[in-house]
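Following: one structure in C-alpha cells, then a few remarks.
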Amino acid sequence: MRTVTSSEFAGSPDLPWRASSFCNNGSCVEVARLPNGGMAVRDNKLGDDSPVLRFTPREWESFVESVRSEIP
C-alpha cells in the first residue's frame, strides 16, 4: 500500500469512485478499482484533493479478508 497525492492521478483516466453503503452523513470512504486490478481508497470530504491509498490486488485481498474475519 502506498499513499499518493491527487496530482499523481492527474494523468490517469477518471476513476469511478464508489461510496461506502454505510455512508449517511457525507463523511465517507470511497473506493475505485485501478487498471492493474488494485484498489484506491480515499476520504470523500476533500474529493479530488484527498490523499489516496493505493493497494495492489494482493494487498486489497488481504485487507478484505482481515476485515471479514473481524465481523461476527
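When the residues of segment 26-68 are narrowed to those that are at positive phi and assigned to a loop (DSSP other than H, G, I, E, B), which ends up surrounded by the fewest Cβ atoms within 10 Å (Cβ to Cβ)? The qualifying residue surrounded by the fewest Cβ atoms within 10 Å (Cβ to Cβ) is Gly26.
In segment 26-37, what residues are modelled with pLDDT of 85 or more, over 10 Å from the mean Cα position of the chain (by Cα) and among the small types (Gly, Ala, Ser)? Selection gives Gly37 alone. If you go through segment 37-53 and keep only what is touching a helix residue (DSSP H, G or I) at 6+ places or on another chain (Cβ under 7 Å) and without any contact (Cβ under 8 Å) to a residue 40 or more places away in the chain, you end up with Gly37, Gly38, Met39.
Just wondering, is there one or more residues in segment 16-25 that are modelled with pLDDT under 85, of a type in the set (Phe, Trp, Tyr), assigned to a helix (DSSP H, G or I) and farther than 20 Å from Ser62 by Cα? No, there is no match, as no residue in segment 16-25 is modelled with pLDDT under 85, of a type in the set (Phe, Trp, Tyr), assigned to a helix (DSSP H, G or I) and farther than 20 Å from Ser62 by Cα.
The values are calculated or read from the model by the stated rules, or taken from the named source; none is laboratory data. In this text the structure is predicted, and so the values were computed from the model without any measurement. No Cβ is skipped: glycine too gets one built from the backbone with ideal geometry, and neighbour counts run over all protein chains shown.
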